[in-house]
Every structure is written in structure tokens, then in C-alpha cells.
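Notes follow once the structure below has been shown.
The values are calculated or read from the model by the stated rules, or taken from the named source; none is laboratory data. The model shown is predicted, which means the values in this text are computed figures rather than measured ones. Neighbour counts are summed over all protein chains in view; Cβ atoms, including those assigned to glycine, are modelled from backbone coordinates with ideal geometry. Just so you know, the surface numbers come from the protein's heavy atoms only, side chains and all, with ligands and any DNA or RNA stripped out. Shrake-Rupley method; radii C 1.70, N 1.55, O 1.52, S 1.80 Å.
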Amino acid sequence: MAVALAFLSAATNAQARQALEYIQGISGKKTLAGQHNKEPNSDPDKWTRYIHETTGKYPALWSGDFLFQQENIDARWNMIHEARKQWDQGAVINLMWHACPPDEGEPCGWDPGLLNAQLDDAQWTELLTEGSSLNQAWKKRMEEVAVYLSYLEEHGVEVLFRPFHEMNQGLFWWGGRPGPEGTAKLYRITHDYFTDTLGLTHLIWMWDMQDLSKDFEAYNPGEEYWDVFGFDIYDQGYDPWWYHYILSVIGDRPMAIGECAKLPSPAILASQPRWVFFMPWAELVKESNSVREITELYQDARIITRDEMPGWK
């Protein structure tokens, strides 16, 4: 499988960084409106449609998720085909991967499963050890997901890829392990397997943290391993001190609101202009924001929607 995935056309390689260059170009000037779509994968633009019904505009960034329940695993191709469709319509594509623990098969539960099913220290060391049983199990899991990513690459679709989101969230099986042998090393192993072994070049890698702890440096996988920084806001993340702390860590790299419940206001984006996109979490966009708030944000001059995207590629 690695040999097959490593073969990429020259045309695909030539297009590999358009989305990143576009995001870099708007940094500090404009913000892409984004929207995440999760369960069910059989209806992969459910919340994107809600935004259109509410505002008359489509988000400039569409996000999907490989997910972990059987019915959503079975419908992954629906989600992938929607990603291609959204790309062809001008959207930037973001994909998440709620991967089941490597000592379990797929499907798995949410809690326990994704949450509260952490590996013990010996299992973690085994996972990071080349050739071990858990390491091989993780490679097989990556190969299964790479089939879908390879399809998108073959069709010229670039992907903002955000594995191991919220690295400092210790409830996730992959999270809460700072330091060189922690979550950051699993990220590096995953990055290298997808890019070096499986030959995927269309992925724009996101390093993602949550507004939980100011120890981001302890989770940084290394500058050569990520292109865009994502910050998930569920607590006090819009406070200016968070914004300035992130700037001190990432420098000139693009930064985005990787997830949120409450949308940023136009005033927040005006005072924190480096956010290149915001992405509310599926149903939380409706539960945590009024129609007026959503509409006012989408009407703000800083915001880019999908109808403004044709011609960017």
C-alpha cells in the first residue's frame, strides 16, 4: 500500500501548497468563516447548510471528521466525497480524525474510548517504539485513513489536517503528555508515516491546543512538523492574554480558531486580527449563538465566505 500511495502526479505536486499560501496571504487582514460537520457522516454538510439557511452564505471553510462510531466509519466515503465537492465549489477543506485508541479496534466509544481510555506508560512507550505491536497497529490505522486522503490528493484536494487536536487535553487518550516523549512525538511519528512512508503531499498540518494550560511549548512537535496553529476555545480563550501568549509561541505562522462553541464577535476579530479562520463545532453553532450574532458576523467586512472564494486557486 505504501508504494501505491507514494505515486503522485506532477500536476498534484504543483498544486500542493495553494491553500497554505492563500491562508498565509490573508493572515492579519481577513478571516475565513468556517463550519465543522460531524455526526452523521451520511449527511456531511448538515451544519454548513444551516449556516446558509441562516445567513444566505456558505462558510469559506468546510470541515469533516473520520469519526469513530460504526455508522460513521461506514459513511466515511460520503464525507470524503463532500470534501471534494466543497473544494470544487471553492472552499478550504479541514479534516479531523477522532482516532480510536491503538489498543482497541474500530469502532470505539466516546467515554470511555476517545476519552478516559488512556494508555498506561508502558503502552505509550510501546506505541512509540518502532516495530512493536501497538506501533504496528497504529500504522495499520494510518494506512486505512490514508486511502481516503490519497483519493483527495488524486483529485487535487488539499487538506488542512488536524490529528491529535487539543494536545493538552488529558482526557483524550493521546493528550496530556508534555515533553519530547509525549503527545508531540506521536504527532511526529504520524506526520512522518503519512508523508515519508505513504507519500502524501497534499496535507497542511495543524498543531492544535485548547485554552486549558499555558504550556504550549511542551507540546510543540517542531517547526518542521506543522504549518498552521489551531486554538480551541471553550473557556476564556478570547481573552487578549491568550492571543498574545500564542503569538509569543508561534511567531509569524498562521493561527486559527480551530474549534469554538461561542463565535468570535467582529470586535474580537478586529482586535485580534491574526485569526485566519474560525470554526464552530457542528451543533454548537446553533446552541451557543443567536441568529443575530451569526448573521452579524457573516456580514462583517473582515469575514470571507465561500461566495468570495472562486478564483483563489
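Given a 1.4 Å probe and the protein chains as shown, Lys214 ends up with an accessible area of around 120 Å². Residues whose amide H lies under 5 Å from that of His98, counting only those 5 or more places away or on a different chain, are Phe66, Leu67; hydrogens are built 1.01 Å from N in the peptide plane.
Net charge near Met206, counting Lys/Arg +1 and Asp/Glu -1 over other residues with Cβ under 12 Å of its Cβ? Walk me through the intermediate numbers first.
Working: positive: Arg162, Arg253; negative: Glu166, Asp208, Asp227, Asp232, Glu259.
Once all neighbours under 12 Å are counted, the net charge is -3.
Radius of gyration over Kirkwood radius for region 146-286, both on Cα atoms: the Rg/Rh ratio is 0.97.
For the chain, report the convex hull volume of the alpha-carbon atoms normalised per residue, in Å³, without decimals.
Values: hull volume 37.6 nm³, N = 313.
It is 120 Å³ per residue.
Here the 3J(HN,Hα) profile of region 188-200, calculated from phi with Karplus coefficients 6.51, -1.76 and 1.60 at θ = phi - 60°, is 5, 4, 5, 4, 5, 5, 5, 8, 7, 7, 8, x, 7 Hz, Gly and Pro shown as x. Just checking the listed ones, Thr31, Thr125, Thr183: in the Gaussian network model of the chain with Cα springs under 10 Å, the one fluctuating most is Thr125.
Using the Cβ atoms and a cut-off under 12 Å, what net charge is assigned to the surroundings of Pro163, where Lys and Arg are +1 and Asp and Glu are -1? Mind showing how you got there, number by number?
Working: positive: Arg141, Arg162, Arg188; negative: Asp65, Glu166, Asp208.
In short, 0.
From Cα pairs below 8 angstrom and at least 6 apart in sequence, can you work out the relative contact order of region 257-313, rounded to a whole percent? List each step's numbers first, then the result.
On the way: 43 pairs, mean separation 22.0, N = 57.
In percent, rounded to a whole number, it is 39.
Across the alpha-carbon set of region 241-311, the Rg to Rh ratio works out to 0.98, Rh being the Kirkwood radius.
In whole percent, what relative contact order does region 79-143 give with Cα contacts below 8 Å and a gap of six or more residues? Could the numbers behind the result be given before it?
Working: 37 pairs, mean separation 14.1, N = 65.
Result for region 79-143 is 22 percent.
Could you please state how large a percent of the accessible area of the chain is carbon and sulfur, counting protein chains only and using a 1.4 Å probe?
Details: 6040 of 11900 Å².
That fraction is 51 percent.
Kindly report the accessible area of the chain per residue (heavy atoms of protein chains, probe 1.4 Å, no ligands, DNA or RNA), in Å². Before the final figure, lay out the partial values.
On the way: 11900 Å² over 313 residues.
Here the residues of the chain average 38 Å² of exposed surface.
For region 239-296 versus region 17-63, the spacing of their alpha-carbon centroids is 13 Å. Phi angles across region 139-147 convert, under the Karplus curve 6.51 cos²θ - 1.76 cosθ + 1.60 with θ = phi - 60°, into 3J(HN,Hα) values of 4, 4, 5, 5, 5, 5, 6, 4, 4 Hz, Gly and Pro given as x. Its relative contact order, with pairs defined as Cα atoms under 8 Å and 6+ residues apart, puts the chain at 25 percent.
Taking 4.7 Å between C-beta atoms as the pairing limit, the chain has these partnerless cysteines: Cys260. If only the Cβ of Lys and Arg carry +1 and only the Cβ of Asp and Glu carry -1, the dipole of region 39-112 around its Cα centre is close to 500 debye. Close amide H contacts of Val276 (hydrogens built in the peptide plane, cut-off under 5 Å, sequence separation of 5 or more or a different chain): Met255, Ala256, Ile257. Annotation: the antiparallel percentage among DSSP beta bridges lying fully within the chain is about 10. Computed from backbone phi, the HN-Hα couplings of region 278-293 come to 10, 9, x, 8, 6, 5, 5, 4, 7, 6, 10, 9, 7, 4, 4, 5 Hz, rounded to whole numbers (Karplus: 6.51 cos²θ - 1.76 cosθ + 1.60, θ = phi - 60°; Gly and Pro given as x). Among rounded, prolate and oblate, which fits region 91-153 when a ≥ b ≥ c are the square roots of the eigenvalues of its C-alpha gyration tensor, a/c under 1.5 means rounded, and a/b larger than b/c means prolate? Oblate, because a/c is 1.5 or more while a/b does not exceed b/c.
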